[in-house]
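Asker: One structure is given below, represented as structure tokens, and several questions about it will come after.
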């Protein structure tokens, strides 16, 4: 287990879940409903399900046939299982899932916690397990990478040019849509992307 996974799977991650469990963000409901209507994914994996904010908004009368939540933290899985059909405990850089298994893979607020050495690997793992789409959302910057202070810690929260980094790591993905969401609507100020996987890509 990496140092970051150890941090998030323990008391630090438990405290985050306790602070955020039950919090609602109105922009997420609209975002996911629009995505379901546009793309109709039947099977969905969320990597870094956290307190279940996204799974809750996907668990609607028009929900995908299969919702799976994955996280390193057991408390996160306890929260997410209210809306997911299955939950898995695993790291983002080593997904225990076969290639091209899910129509949609979600990573929101996950890459911002990954060290540089694991960033591309996490992206490539998402590309590997998706059959069609990836939705990503992260705090974006057009300037140099920033290691942000978070609750007195360094090396646990990074602002980067994530759109550019996706294009570098996964040239087989094409951007289908992108935009930005404010903190009041999403919980953080983030940029988001919908990527499509080219046919035949690994």
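Asker: Output the residues belonging to region 35-51 that are touching a strand residue (DSSP E or B) at 6+ places or on another chain (Cβ under 7 Å) and part of a loop (DSSP other than H, G, I, E, B).
Answerer: Of everything in region 35-51, those that are touching a strand residue (DSSP E or B) at 6+ places or on another chain (Cβ under 7 Å) and part of a loop (DSSP other than H, G, I, E, B) turn out to be 41, 42, 48, 49, 50.
Asker: So residue 23 ticks every box in (1) within 19 Å of residue 181 (Cα to Cα); (2) out of contact with any helix residue (DSSP H, G or I) (no Cβ under 6 Å at 6 or more places or on another chain); (3) modelled with pLDDT of 90 or more but one. Which box is left unticked?
Answerer: (3)
Asker: Tell me yes or no: at least one residue of region 109-122 is farther than 24 Å from residue 32 by Cα, part of a loop (DSSP other than H, G, I, E, B) and touching a helix residue (DSSP H, G or I) at 6+ places or on another chain (Cβ under 9 Å).
Answerer: Yes, region 109-122 contains a residue that is farther than 24 Å from residue 32 by Cα, part of a loop (DSSP other than H, G, I, E, B) and touching a helix residue (DSSP H, G or I) at 6+ places or on another chain (Cβ under 9 Å).
For (1) assigned to a loop (DSSP other than H, G, I, E, B); (2) out of contact with any helix residue (DSSP H, G or I) (no Cβ under 8 Å at 6 or more places or on another chain); (3) on the phi < 0 side of the Ramachandran plot, each residue gets a yes or a no:
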position	(1), (2), (3)
61	yes, yes, yes
77	no, yes, yes
84	yes, no, yes
87	no, no, yes
93	yes, no, yes
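Asker: Being more than 15 Å from the chain's Cα centre (by Cα) and within 22 Å of residue 125 (Cβ to Cβ) is the filter; apply it to region 139-158 and report the residue that is surrounded by the fewest Cβ atoms within 10 Å (Cβ to Cβ).
Answerer: Filtering region 139-158 for residues that are more than 15 Å from the chain's Cα centre (by Cα) and within 22 Å of residue 125 (Cβ to Cβ), the one surrounded by the fewest Cβ atoms within 10 Å (Cβ to Cβ) comes out as 145.
Asker: Check 201, 177, 185, 136 and return the single one that is surrounded by fewer than 20 Cβ atoms within 10 Å (Cβ to Cβ), touching a helix residue (DSSP H, G or I) at 6+ places or on another chain (Cβ under 9 Å), in contact (Cβ under 8 Å) with a residue 12 or more places away in the chain and in a strand (DSSP E or B).
Answerer: 177
Asker: What are the residue pairs meeting all of these: first residue in region 100-117, first residue in contact (Cβ under 8 Å) with a residue 12 or more places away in the chain and at positive phi, second residue surrounded by 20 or more Cβ atoms within 10 Å (Cβ to Cβ) and not in a strand (DSSP E or B), Cβ atoms under 7 Å, and 6 or more apart or on different chains?
Answerer: Short answer, once both residue conditions are applied: 109/48.
The values are calculated or read from the model by the stated rules, or taken from the named source; none is laboratory data. Remember, it's a predicted structure, so these values are computed and weren't measured experimentally. A quick note on method: Cβ atoms are made from the backbone with ideal geometry, for glycine too, and the neighbour counts reach across all protein chains shown.
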